[in-house]
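*Asks:* The following block contains the structure, expressed as structure tokens.
The values are calculated or read from the model by the stated rules, or taken from the named source; none is laboratory data. Here the structure is a predicted model, which is why all the values come from computation and not from measurement. All Cβ positions, even for glycine, are placed from backbone atoms using ideal geometry, and neighbour counts span all protein chains on display. Ligands, DNA and RNA are stripped out before the accessible areas are found, and what is left, the full protein with its side chains, is counted by its heavy atoms. Shrake-Rupley method; radii C 1.70, N 1.55, O 1.52, S 1.80 Å.
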Amino acid sequence: MPADARPTLPPLRDVIAAHGLQASKALGQNFLLDEQLLDRIAAIPGSIQDQPAFEVGPGPGGLTRAILRAGGKLVAVERDRRCLPALAELELAFPGQLRVISGDAMEIDAHAEAGDGAHIIANLPYNVGTALLVGWLSALWAPLPWWSSLTLMFQMEVAERIVAKPGTDHYGRLAVLAQWRSDARIAMKVHRSAFTPPPKVMSAVVHITPKPAPEGVQLKILERLTAAAFGQRRKMLRQSLKSVPGALDALEAIGIDPQRRAETVSVEEFVTLARQLGQATTSA
């Protein structure tokens, strides 16, 4: 949307005051009010002009505004009914560009609502953020998922777990899930003082873009391997993977030392292990 065509909107603080809104701790809410910062977040995926977008937990609509200013055709899901009047004002200000769904994002089919190729952009509620991410990362890849990119705000610790590399304290199941068929990076760090109310921890925006999945690898097998390996991350693989039928033979077949620990095994090695185990299971 050209800058001169954008509607004039009241400051977010005025919107919050006018509707008597306060961030709900029970819903994991923290409001971002800095519109320049919000515009920077909305710009992370690149141009979204006339492209489908999906937002979870818009609250009073700070990031929503930024996505709409960037030209996205947005579907926003809000569980907190107190925020719906403020979002209705944005629907009027950006006619035909915003559709608000009143409901729980954990129960809504995001693909059906947003459509193919959507950019998911959200300051996720802290209490459901990881669960939503895992759901999107576990989507059907054929050869790519239904979404084009994920631009998501998390607590810093969660963000570090998503992008972690082998040999670091944060490396685990979430890193493997995020990186085996996607590229994940921390695009921006956000100080706690940017939020109202300020959370106790720093936050970061993670940007994830999908890529074709490695051939011959089943997500269920990869999940089973990483669950076992990182469930006992301080133990050697020969011990932690005993519960997965065929895993120790697969380790030997591809030349991974069973005395290593899960935190030293790269994403690519887990992928190779899952492929080998899948082939062995199929031929058995």
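*Asks:* Condition test on F230, is it aromatic (F, W, Y), within 20 Å of E157 (Cα to Cα), in contact (Cβ under 8 Å) with a residue 40 or more places away in the chain and touching a Gly at 6+ places or on another chain (Cβ under 7 Å)? Break it down stepwise before answering.
*Replies:* Numbers: aromatic (F, W, Y): yes; within 20 Å of E157 (Cα to Cα): yes; in contact (Cβ under 8 Å) with a residue 40 or more places away in the chain: yes; touching a Gly at 6+ places or on another chain (Cβ under 7 Å): yes.
Against the criterion (aromatic (F, W, Y), within 20 Å of E157 (Cα to Cα), in contact (Cβ under 8 Å) with a residue 40 or more places away in the chain and touching a Gly at 6+ places or on another chain (Cβ under 7 Å)), F230 qualifies.
*Asks:* Collect the residues in the stretch 132-166 that are assigned to a loop (DSSP other than H, G, I, E, B) and either basic (K, R) or open to solvent by 60 Å² or more (accessible area, probe 1.4 Å) (or both), keeping them in residue-number order.
*Replies:* At the first step, the residues of the stretch 132-166 found to be assigned to a loop (DSSP other than H, G, I, E, B) are 138-146, 164-166.
Selection gives L140, A142, P143, L144, K165.
*Asks:* OK, next. So, in the stretch 244-280, of the ones that are assigned to a loop (DSSP other than H, G, I, E, B) and touching a residue at least 40 places away in the same chain (Cβ under 8 Å), which residue ends up least open to solvent (accessible area, probe 1.4 Å)? Break it down into steps so the answer makes sense when it comes.
*Replies:* Initial filter on the stretch 244-280 (assigned to a loop (DSSP other than H, G, I, E, B)): 244-246, 255-260, 265-266.
Subsequent filtering for residues that are touching a residue at least 40 places away in the same chain (Cβ under 8 Å) retains 265-266.
Values: V265: 3, S266: 26 Å².
The extreme case among them is V265.
*Asks:* Among the residues of the stretch 101-128, count how many are free of Cβ contacts under 8 Å to residues at least 60 places away in the same chain and open to solvent by less than 50 Å² (accessible area, probe 1.4 Å). Walk me through how you get there before you give the answer.
*Replies:* The first filter runs over the stretch 101-128 and keeps only residues free of Cβ contacts under 8 Å to residues at least 60 places away in the same chain, leaving 101-113.
So of that shortlist, the ones also open to solvent by less than 50 Å² (accessible area, probe 1.4 Å) come out as 101, 103-105, 108, 110.
Number of matching residues: 6.
*Asks:* Now a separate question. Looking only at the stretch 167-193, count every residue that is open to solvent by 30 Å² or more (accessible area, probe 1.4 Å), in contact (Cβ under 8 Å) with a residue 12 or more places away in the chain and outside any loop (DSSP other than H, G, I, E, B) and tell me the total.
*Replies:* Total meeting the criteria: 6.
*Asks:* Taking the stated definitions as given, is A76 aliphatic (A, V, I, L, M) and assigned to a helix (DSSP H, G or I)? If you could, list the steps in order and put the result at the bottom.
*Replies:* Working: aliphatic (A, V, I, L, M): yes; assigned to a helix (DSSP H, G or I): no.
So A76 fails the test.
*Asks:* Also, I was wondering about something else. Filter the stretch 116-145 down to residues that are at pLDDT 95 or above and within 25 Å of A86 (Cβ to Cβ), then give me how many there are.
*Replies:* 6
Each row is one residue, and each column tells you yes or no for (1) hydrophobic (A, V, I, L, M, F, W, C); (2) touching an Asp or Glu at 6+ places or on another chain (Cβ under 8 Å); (3) under 25 Å from V163 (Cα atoms).
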| residue | (1), (2), (3) |
| --- | --- |
| I208 | yes, yes, yes |
| G216 | no, no, yes |
| L222 | yes, no, yes |
| A228 | yes, no, yes |
| R234 | no, no, yes |
| S240 | no, no, yes |
| G246 | no, no, no |
| I256 | yes, yes, yes |
| A274 | yes, no, yes |
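*Asks:* Can you tell me how many residues in the stretch 79-96 are within 22 Å of A43 (Cα to Cα) and either surrounded by 21 or more Cβ atoms within 10 Å (Cβ to Cβ) or without any contact (Cβ under 8 Å) to a residue 60 or more places away in the chain (or both)?
*Replies:* Residues of the stretch 79-96 that are within 22 Å of A43 (Cα to Cα), as a first pass: 87, 90-91, 93-96.
From what's left, either surrounded by 21 or more Cβ atoms within 10 Å (Cβ to Cβ) or without any contact (Cβ under 8 Å) to a residue 60 or more places away in the chain (or both): 87, 90-91, 94-96.
Qualifying residue count, the stretch 79-96: 6.
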